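Quick notes on the structure that follows.
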Ligand code: 5FX
């Protein structure tokens, strides 16, 4: 089905703290946005930041009915604002990754015959076998992680199959815990959805498939065959295959919106539902990352997205199937020490002023005279290490640097770490590679210059406010056209282009290729010496 020029495309994001929607027209302009904040607009669920943190501090859940009610509320708000649902050609969206929803036996029958006179929350209140869904912030499944890894043949073997070693928040380990601790509820479960496929199911009026990309965050999907891994399923819980349903490509049109939405909100019967995916894959789509690109989000923690053709799963970082090109992959790397550490060094070495911090970067040479620093104010994820560790040009440990050298050591070190870990997962810098920078620190030109030099590539900035939602709207449009063979890139050709912000210094390649080797050696040493 071709895209309708006058049609609208909806992108929803069921994130941790809120449900958001953006509406895009056929010219790719955002024409409407709205949201529902869980804590304040649905206070009856008593969440904080959209979640309940349980007494053990490890178990973190969200009431599934809160998400259902949020959708009622959001659509009612749109209706109240006079939004014309009949113009919507397709919708898609995303959900926080890893969270899981347990549909009660018989729930699919309920979904198929929703009475448009009632709200979704009224209709679905008895449809969940587990009322409180485990979410990505949960870290209570360590035992299940260990069990899975030992059954499969170790952490690296599990990463080779599923793209990641076992992580507590990954859905398979959460499912294993539910099966072991609440066997009756597991028995009552007819279908298990991710937050993303649960949201798609509401619109579809039927169980929606889990897409390959969000499915890669479960420690259950074989990312090579793009099907459930038998050994992982068996190690997790009985009859899991049946409860998950077959996974599908992320660009699949799953069907038309259910008659409930046609009657209650005047959606067109033709409105298509495109598979929903995880919020990180959806952000990759929203940023329109292309083959060879790398996106760096500089926030409280720094996150890196990579587009990969031939991934090399490792013990750190995650490989997911790519949400916009089913034959490719993406990687997600998370570095805990981001802007808070940059702010600490700004306060200690630059009198609290970003201008002085930037001037220090301008006044110090590429490569910082061989000085290298590791600044892990809190326990770092990549690598698992803590503390501040400084080395001079001869790899001797030193207690610290002068203020200006310290500023450059921090910024160079943060970007060398990103390049090192991206390359470990199979990323290679090729001619034409772009680095897209987003997040708070991406407004600082001096920081972006160091990023450009360390990667020896041009750096572009891109406005990614609501990138997951926008990615949903882009994916809805692409889903409609994917059947005619058009790539995501072709369909989104006219979307706003990122802005060039920095180009590499001609001397950068030689300096940083050499420095990266030393950085890798020193990082291993730091990780070894500071392991908790
Ligand atoms: C990724 O692996 C995560 O756990 C988070 O970024 C969640 O997706 C946040 F919603």
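The values are calculated or read from the model by the stated rules, or taken from the named source; none is laboratory data. In this text the structure is predicted, and so the values were computed from the model without any measurement. In this analysis, Cβ positions are derived from the backbone assuming ideal geometry, glycine residues included, and neighbour counts consider all displayed protein chains.
Some observations on this one:
- Any hit, region 132-145, residues being in contact (Cβ under 8 Å) with a residue 60 or more places away in the chain, over 27 Å from the mean Cα position of the chain (by Cα), in the same structural domain as residue 45 (by TED's automatic domain parsing) and at negative phi: no
- The residues in region 257-271 that are farther than 24 Å from residue 96 by Cβ, outside any helix (DSSP H, G or I) and touching a residue at least 40 places away in the same chain (Cβ under 8 Å) can be counted, and the count is 5.
- Listing of strands (runs of 3 or more DSSP E) fully contained in region 314-383 that carry 3 or more residues being touching a residue at least 40 places away in the same chain (Cβ under 8 Å) and under 18 Å from residue 439 (Cβ atoms): 329-335
- Some residue of region 324-341 being more than 19 Å from residue 217 (Cα to Cα), in contact with a strand residue (DSSP E or B) (Cβ under 7 Å, 6 or more places away or on another chain) and within 16 Å of the ligand (Cβ to nearest atom): yes
- Output for region 186-202, where each listed residue is assigned to a helix (DSSP H, G or I) and within 29 Å of the chain's Cα centre (by Cα): 186, 195, 196, 197, 198, 199, 200, 201, 202
- Filter pass, residue 159 being away from the ligand (no atom under 16 Å from the Cβ) and either touching a residue at least 40 places away in the same chain (Cβ under 8 Å) or in a strand (DSSP E or B) (or both): no
- Residue 338 vs. criteria surrounded by 15 or more Cβ atoms within 10 Å (Cβ to Cβ) and within 17 Å of residue 521 (Cα to Cα): no
- Taking region 167-203 as the range and being in contact with a helix residue (DSSP H, G or I) (Cβ under 8 Å, 6 or more places away or on another chain) and farther than 19 Å from residue 241 by Cα as the test, the residues that pass are 167, 168, 199, 202, 203.
- Meets criteria (surrounded by fewer than 24 Cβ atoms within 10 Å (Cβ to Cβ), outside the structural domain of residue 136 (by TED's automatic domain parsing) and over 30 Å from residue 373 (Cβ atoms)) for residue 328: yes
- Selection count, region 269-286, where residues are within 16 Å of the ligand (Cβ to nearest atom) and surrounded by fewer than 24 Cβ atoms within 10 Å (Cβ to Cβ): 0
- Scope region 416-452; condition free of Cβ contacts under 8 Å to residues at least 60 places away in the same chain, under 16 Å from residue 297 (Cα atoms) and in contact with a helix residue (DSSP H, G or I) (Cβ under 7 Å, 6 or more places away or on another chain); matching residues: 448
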